[in-house]
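The values are calculated or read from the model by the stated rules, or taken from the named source; none is laboratory data. As the structure is a computational prediction, the values presented were derived from the model and not from experiment. Cβ atoms come from the backbone with ideal geometry, glycine included; neighbour counts cover every protein chain shown.
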Amino acid sequence: MNICKDHIGGLIFLLLSVAYGVYAGQIPLLPGDEFEPFHAQTVPNALALLCGGLSIALLLTAERGEGSTLKLHGYDFALVAKLLAQVVLFAFALQWVGFLLATLFFLIGGFWLLGERRIKTLLLASVPFSAGIWLILTQLLDIYLAPGALFNQLFGG
Amino acid sequence: MLDGIFTGLSTAVMPFNLMMVVVGCFAGTFIGMLPGLGPISAVALMIPITYGLDPSSGIILMAGVYYGAVFGGSTSSILINAPGCASTVVTSFDGYPLAQQKQAGKALALAAYSSFTGGTIGAIILLFAAPALASVSLSFQSSDYFALMILGLTAVAAFSGKGQVIKALIMTVFGLMIATVGTDTTSGTPRFTFGNIDLIDGISFLLLAMATFALTEVVMTVLKGQHKEKDEQMDMASLGSMKLSREEVKHIAPTVGRSSVFGFLVGVLPGAGATIASFLAYGLERNLASAKEKLKFGKGALRGLAAPESANNAASTGSFVPLLTLGIPGSGTTAIMLGALIAYGIQPGPRLFVDNPDVFWSVIISMYFGNLVLLILNLPLIPYISRLLVIPRPILIPLILFFSITGVYLVSFNSFDIHMMAIITVIAIALKLLEFPMAPMLLGFILGGIMENNLARALVISDGSFDFLWDRPLTLGIVVVAIVVLCIPPLLELVNKRRANKGQATDRGAEAAISEGEG
């Protein structure tokens, strides 16, 4: 049997509905809630059943044509992984080095990952933009942006 | 109604709101021109900006971006045969051939005039239809609301395309599941938070919308390697005249009128939206054309360009009817606007007309202004706006990524939200590769909380019985319509399959008879 996109999707959602249903049963109820027509578990239980039923329906009615199999050739997963890793790093950088430097690193890293190698372009596209955004946020819109834990530790908060 | 129109007019003509229309139209046109980014992404990118504005200005800005993005999508369809969004795919059928015949200017002008007429006719119908529907829906009770939510969710799934109904329903349920994360509003107990304090308030709408529509769409272009592709250079010198002759105007006028009304009606249906409207209007116009004219379709027929352009703009306007009057979004884009309105503390639906008449009417009035801005400002500036596309993709993509991420961060100032965005993006990419539609998920997420509250209220009132679903004729009527809407696509598919099988059997029978005869 060929495994197609609908089979994979159906299986994923079937597993999700089982896990969701198990956790739905663990939602704490208030005393006496079990006698009420509606409580915190009502909708989650119904959704788990509904999702399970629909996943089974998808598995049963899955299209098995030629174009229905999952083909991952030609996709640049490595680059996407690097970009998303950079997004996560940006979140950490915000905490440690502050908004301005984190933005600068994020943009230069992003341009570099996507193939821009000219130092002049890298700097011209990132430095004025980062400084401009930082100035607009802090000076024009009066938004407080924390300087970053690293600066606080080095120079005192 | 006149009072309302004046209220809306006075709000919409405020200099700041007029500026919002202009800025929205420009920003929307630019984002809409970028292949891969459509109106949903454009409106999602605007949400963080609107958080700092008052509700009327925020929604006016979003409506302007919506129109601009549809218009921008048409421009790139005509000039470089790269539709910015699904609703302008049909525009490229006849728009691009016209551009190849050195009539790009005429095609752009025709698209703008048709969009303007479609949007204007749509806005006029909306002016009368929305208050009428809103006054009827004022009598709605919680059971009716619950049924209405069911109708909205099923309609979106039903119109999601061939073979996609079950997938769209699963995604709707998935959205409802995500909506249950956080503290339960009725009992105050935490659900699916796994002890994480950052999940106590649930997943924010802004985060989900930005991750699934802005971040994911941009990352998908990188995944497909589109960032390496160079945009086809637009030859602005060979744009040609932007004028239409009197004969041409006479020729397309009935088409524009027909397609506008038709597009509006399709747009009103929850879930149908501008894409279906443009395809149906194109098909309708080709069927109505004479045999001689039919041959021109696909080779640069003016009617073939005018029909989808009028229809998609009228449908965009039409999709505001269910949003403003019933609180049910007609499309993915209006779903995002619904989320933004809820974030403002405004509940779209029948009460909007009574409680926030300024928002209700100013949106309707500003739609007309939006169309006007597109026609008199954007059209002449197209050669200049399209130059912005010259910015290389390796520079543009990180900038859009940055705006998506900081848009969320600057609202919550919590870096956990950025981690969540990355996780949701990974899930969304996997689901997109498996061809699961995203819009029903967002719709389910937005309507989830309201639906649960109405169900709770209706169940408590009816003492735990589901009788409320058929006690009131109105509730029963809506439930029946929801069931019919849900059953039609699978039934149609079944009938078509049977017909195809029968056809094949007849062909085989005929072939056998012929071969026997030959033998």
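Against the conditions (1) out of contact with any helix residue (DSSP H, G or I) (no Cβ under 8 Å at 6 or more places or on another chain); (2) within 24 Å of B:Tyr409 (Cα to Cα), where does B:Ile47 fall short? Just the number, please.
Evaluating B:Ile47 over (1) out of contact with any helix residue (DSSP H, G or I) (no Cβ under 8 Å at 6 or more places or on another chain); (2) within 24 Å of B:Tyr409 (Cα to Cα) leaves (1) as the failure.
Do we have A:Ile136 as more than 9 Å from every other protein chain (Cβ to nearest Cβ), of a type in the set (A, V, I, L, M, F, W, C), without any contact (Cβ under 8 Å) to a residue 60 or more places away in the chain and more than 23 Å from B:Val219 (Cα to Cα) here?
So A:Ile136 fits the description; yes.
If you check A:Ala40 against the conditions, is it part of a loop (DSSP other than H, G, I, E, B), in contact (Cβ under 8 Å) with a residue 40 or more places away in the chain and over 25 Å from the mean Cα position of the chain (by Cα)?
When the stated conditions are applied, A:Ala40 does not pass them.
Return yes when A:Val87 is within 7 Å of chain B (Cβ to nearest Cβ) and either at pLDDT 90 or above or in a loop (DSSP other than H, G, I, E, B) (or both) and no when it is not. Before the answer, list the steps.
Working: within 7 Å of chain B (Cβ to nearest Cβ): yes; either at pLDDT 90 or above or in a loop (DSSP other than H, G, I, E, B) (or both): yes.
Taking the combined requirement at face value, the residue satisfies it.
Can you pull out the residues in the stretch A:107-128 that are more than 25 Å from the chain's Cα centre (by Cα) and under 18 Å from B:Phe402 (Cβ atoms)?
Across the stretch A:107-128, the qualifying residues are A:Glu116, A:Thr121, A:Leu122, A:Leu123, A:Leu124, A:Ala125, A:Val127, A:Pro128.
Just to be sure I understand, how many residues within the stretch B:154-187 are outside any helix (DSSP H, G or I), over 19 Å from B:Ser331 (Cβ atoms) and either among the charged types (D, E, K, R) or at pLDDT 90 or above (or both)?
So the answer is 5.
All but one of (1) out of contact with any Phe, Trp or Tyr (no Cβ under 8 Å at 6 or more places or on another chain); (2) at the interface with another protein chain (Cβ under 10 Å from one of its Cβ atoms); (3) at pLDDT below 85 hold for B:Gly464; state the number of the condition that does not hold.
Single failed check for B:Gly464: (1).
Is it the case that A:Leu29 is within 8 Å of another protein chain (Cβ to nearest Cβ) and under 30 Å from B:Ser465 (Cα atoms)?
yes
Suppose the filter is in a helix (DSSP H, G or I), more than 7 Å from chain B (Cβ to nearest Cβ), closer than 21 Å to B:Ala430 by Cα and not aliphatic (A, V, I, L, M); does A:Ser55 pass it?
On the way: in a helix (DSSP H, G or I): yes; more than 7 Å from chain B (Cβ to nearest Cβ): no; closer than 21 Å to B:Ala430 by Cα: yes; not aliphatic (A, V, I, L, M): yes.
Answer is no for this residue.
Return the total of residues in the stretch A:141-155 being assigned to a helix (DSSP H, G or I) and within 12 Å of chain B (Cβ to nearest Cβ).
Result for the stretch A:141-155: 1.
Has the stretch B:7-26 got at least one residue that is part of a helix (DSSP H, G or I) and under 15 Å from the mean Cα position of the chain (by Cα)?
no
Just to be sure I understand, how many residues within the stretch B:1-17 are at pLDDT 85 or above and in contact with a helix residue (DSSP H, G or I) (Cβ under 7 Å, 6 or more places away or on another chain)?
2
For residues that are acidic (Asp, Glu) and assigned to a helix (DSSP H, G or I), tally how many sit in the stretch B:414-441.
Result for the stretch B:414-441: 1.
Of B:Leu442, B:Leu459, which residue is within 10 Å of chain A (Cβ to nearest Cβ) and modelled with pLDDT of 85 or more?
B:Leu459
Let me confirm something: among B:Ile342, B:Ile336, which residue is closer than 14 Å to B:Thr50 by Cβ and either buried (at least 24 other Cβ atoms within 10 Å of the Cβ) or of a type outside the set (A, V, I, L, M, F, W, C) (or both)?
Sole residue among the options that is closer than 14 Å to B:Thr50 by Cβ and either buried (at least 24 other Cβ atoms within 10 Å of the Cβ) or of a type outside the set (A, V, I, L, M, F, W, C) (or both): B:Ile336.
For the stretch A:58-80, give me each residue that is loosely packed, with under 14 Cβ neighbours inside 10 Å, part of a helix (DSSP H, G or I) and more than 9 Å from chain B (Cβ to nearest Cβ).
Listed by number, the residues that qualify are A:Leu60, A:Glu66, A:Gly67, A:Ala78.
Please work out if B:Ser87 is modelled with pLDDT under 85, buried (at least 24 other Cβ atoms within 10 Å of the Cβ) and over 15 Å from the mean Cα position of the chain (by Cα).
So B:Ser87 does not fit the description; no.
Those residues that are within 7 Å of another protein chain (Cβ to nearest Cβ) and either in contact with a Gly (Cβ under 6 Å, 6 or more places away or on another chain) or of a type in the set (Gly, Ala, Ser) (or both), I need them from the stretch B:415-435; list them, please.
B:Ser415, B:Ala422, B:Leu434, listed by residue number.
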